[in-house]
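Colleague: I have a structure here, written as structure tokens, and I will follow up with some questions on it.
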Amino acid sequence: GFRFGTSNEFSIWGWQSQKKLKLKQRPLVVMECSVISGSYMGLGYGKEAEELMMRLKQAGQARGGNFALLWHNSHFQNMEDRTLFEKMVLH
């Protein structure tokens, strides 16, 4: 979460033009597989995973930021995927 240290949208810097571009970056806050997968945090679909994602969501929103969630379509294989996704999007 907070790869750029913020959840707020910001202008991209143009290295060739040496000025801000019209292009905006919306930082990724949560990627589902980073939390769920055993190859990363390995929290699965339990309460701990849900609470971590919700804390990240609330932390950014409390400071006026966005909640950018990357949820791969390959992670809609079971009801656990769908349930956790809905909790993050609808609450």
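The values are calculated or read from the model by the stated rules, or taken from the named source; none is laboratory data. The model shown is predicted, which means the values in this text are computed figures rather than measured ones. Cβ atoms come from the backbone with ideal geometry, glycine included; neighbour counts cover every protein chain shown. Heads up: the accessible areas ignore ligands, DNA and RNA and are worked out on the full protein's heavy atoms, side chains in. Shrake-Rupley method; radii C 1.70, N 1.55, O 1.52, S 1.80 Å.
Colleague: Is it true that some residue in the range 59-73 is in contact (Cβ under 8 Å) with a residue 24 or more places away in the chain and touching a Leu at 6+ places or on another chain (Cβ under 6 Å)?
Modeller: yes
Colleague: Identify, please: which residue in the range 60-80 is of a type outside the set (S, T, N, Q) and open to solvent by 70 Å² or more (accessible area, probe 1.4 Å) and is, among those, farthest from the chain's Cα centre (by Cα)? Full working, then the answer.
Modeller: Initially, the range 60-80 is screened for residues of a type outside the set (S, T, N, Q), giving 60, 62-65, 67-72, 75-76, 79-80.
Remaining after also requiring open to solvent by 70 Å² or more (accessible area, probe 1.4 Å): 62-63, 76, 79-80.
Working: ALA62: 15, ARG63: 15, PHE76: 17, MET79: 20, GLU80: 18 Å.
Once the filter is applied, the top-ranked residue is MET79.
Colleague: Of all residues in the range 32-42, count the ones that are out of contact with any Gly (no Cβ under 9 Å at 6 or more places or on another chain) and open to solvent by 40 Å² or more (accessible area, probe 1.4 Å).
Modeller: So the answer is 4.
Colleague: Something else about it: Within the range 43-59, work out how many residues are more than 12 Å from the chain's Cα centre (by Cα) and open to solvent by 60 Å² or more (accessible area, probe 1.4 Å). It would help to see each step written out before you state the result.
Modeller: Let us first name the residues in the range 43-59 that are more than 12 Å from the chain's Cα centre (by Cα), namely 43-51.
After this cut, where a residue has to be open to solvent by 60 Å² or more (accessible area, probe 1.4 Å) as well, the list is 45, 47-48, 51.
Result for the range 43-59: 4.
Colleague: Which of (1) closer than 17 Å to GLU86 by Cα; (2) of a type outside the set (A, V, I, L, M); (3) assigned to a loop (DSSP other than H, G, I, E, B) is the odd one out, the single condition GLN58 does not satisfy?
Modeller: (3)
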